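Colleague: Supplied in structure tokens, the structure appears directly below.
The values are calculated or read from the model by the stated rules, or taken from the named source; none is laboratory data. Remember, it's a predicted structure, so these values are computed and weren't measured experimentally. Don't worry about glycine lacking a Cβ; one is built from the backbone with ideal geometry, like all the others, and counts go over all protein chains shown.
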């Protein structure tokens, strides 16, 4: 009778070893958009909370006598005056007049300054020709030239649109030139090595890379178009938010004055947000974290 030891070594079956389990896959959140929604909600809540605190301070301080209510009435009185101006149609008429002037000057500045800035930034002969003139006028404040515009163009709409156009052109022009000149040289060399000609290089590399800087200038110009407009409307205007503020101040209608100021602030926020959304639309190629 043969024993276990007599079994050939090649026929012996080795003991079974357990197969290690595969490592668990990292958990992926089922709804990644939840985090984006929570972040967006948190940002909105923070902004609303800051505005709410400011509104509460504006309402409470005059009522407690911490500030003179004659010169800073409670927010509720200002909002009541604002609503009365809306119901009477006066605020709408003034807002329409201001927006038409502001958008006209702002639009002309975009149409003129962006092509000129691209030309100056891309072609050195044009830059060498125009740089002395640009350096001369860029350091001259727009409001300092307001009397000149009024003397030459009169007190009508032309002088107001012209001064807005002048003020808005500089941030757009200078940022466009900067955006073209600060494009990464490696991108330009790589594009040229691929055989792109000057026109295609400008269209495919230079212009897309300069878009964020150009929109920075456009957003600055949007703010300037409101600020310069208000100053221009305080001189010889018969309609507009600047005229409303000036008229209310002279007649000591302080709530109406603050109602005009609030309207200007709201318009500025809306314009800035529209420009931000437009920038995102034209910069979809950029990666976001």
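Colleague: With the condition kept exactly as written, say whether any residue in the range 128-145 is touching a residue at least 60 places away in the same chain (Cβ under 8 Å), in contact with a helix residue (DSSP H, G or I) (Cβ under 6 Å, 6 or more places away or on another chain) and in a loop (DSSP other than H, G, I, E, B).
Modeller: Yes.
Colleague: What do you reckon, is residue 92 modelled with pLDDT of 90 or more, part of a helix (DSSP H, G or I) and surrounded by fewer than 14 Cβ atoms within 10 Å (Cβ to Cβ)?
Modeller: yes
Colleague: Could you grab me the full set of residues in the range 271-289 that are modelled with pLDDT of 75 or more and surrounded by 11 or more Cβ atoms within 10 Å (Cβ to Cβ)?
Modeller: 271, 272, 274, 275, 276, 278, 279, 280
Colleague: Among all residue pairs at least 6 apart or on different chains, which show Cβ distances below 8 Å where the first residue, located in the range 73-96, is in contact (Cβ under 8 Å) with a residue 60 or more places away in the chain and the second is surrounded by fewer than 20 Cβ atoms within 10 Å (Cβ to Cβ) and not in a helix (DSSP H, G or I)?
Modeller: 81/253; 93/239; 94/239
Colleague: Next up: Kindly list the number of the only condition in (1) under 19 Å from residue 166 (Cβ atoms); (2) surrounded by 18 or more Cβ atoms within 10 Å (Cβ to Cβ) that fails for residue 97.
Modeller: (1)
Colleague: Here's something else I'd like to know. Given the residues 188, 114, which is the only one that is without any contact (Cβ under 8 Å) to a residue 40 or more places away in the chain, surrounded by 15 or more Cβ atoms within 10 Å (Cβ to Cβ) and farther than 27 Å from residue 237 by Cβ?
Modeller: Working: 114 fails: without any contact (Cβ under 8 Å) to a residue 40 or more places away in the chain.
Matching residue, one of 188, 114: 188.
Colleague: While we're on this one: Is it the case that residue 273 is within 19 Å of the chain's Cα centre (by Cα) and either part of a helix (DSSP H, G or I) or touching a residue at least 40 places away in the same chain (Cβ under 8 Å) (or both)?
Modeller: Here the answer is yes, as residue 273 does meet what is asked.
Colleague: If residue 155 satisfies all but one of (1) closer than 15 Å to residue 234 by Cα; (2) assigned to a helix (DSSP H, G or I); (3) more than 24 Å from the chain's Cα centre (by Cα), what's the number of the condition it fails?
Modeller: (2)
Colleague: Here's a follow-up. Among the residues of the range 56-72, write down those that are more than 28 Å from residue 223 (Cβ to Cβ), surrounded by 14 or more Cβ atoms within 10 Å (Cβ to Cβ) and in contact (Cβ under 8 Å) with a residue 12 or more places away in the chain.
Modeller: Scanning the range 56-72 gives a single hit, 62.
Colleague: Next up: How do the helices (runs of 4 or more DSSP H) wholly within the range 185-251 filter down when requiring 1 or more residues that are at pLDDT below 85 and more than 17 Å from residue 165 (Cα to Cα): which remain?
Modeller: In the range 185-251, the matching helices (runs of 4 or more DSSP H) lie at 185-193, 198-201, 207-233.
Colleague: Sticking with this one: Go through (1) in contact with a helix residue (DSSP H, G or I) (Cβ under 6 Å, 6 or more places away or on another chain); (2) surrounded by 16 or more Cβ atoms within 10 Å (Cβ to Cβ) for residue 153 and report which single condition fails.
Modeller: (2)
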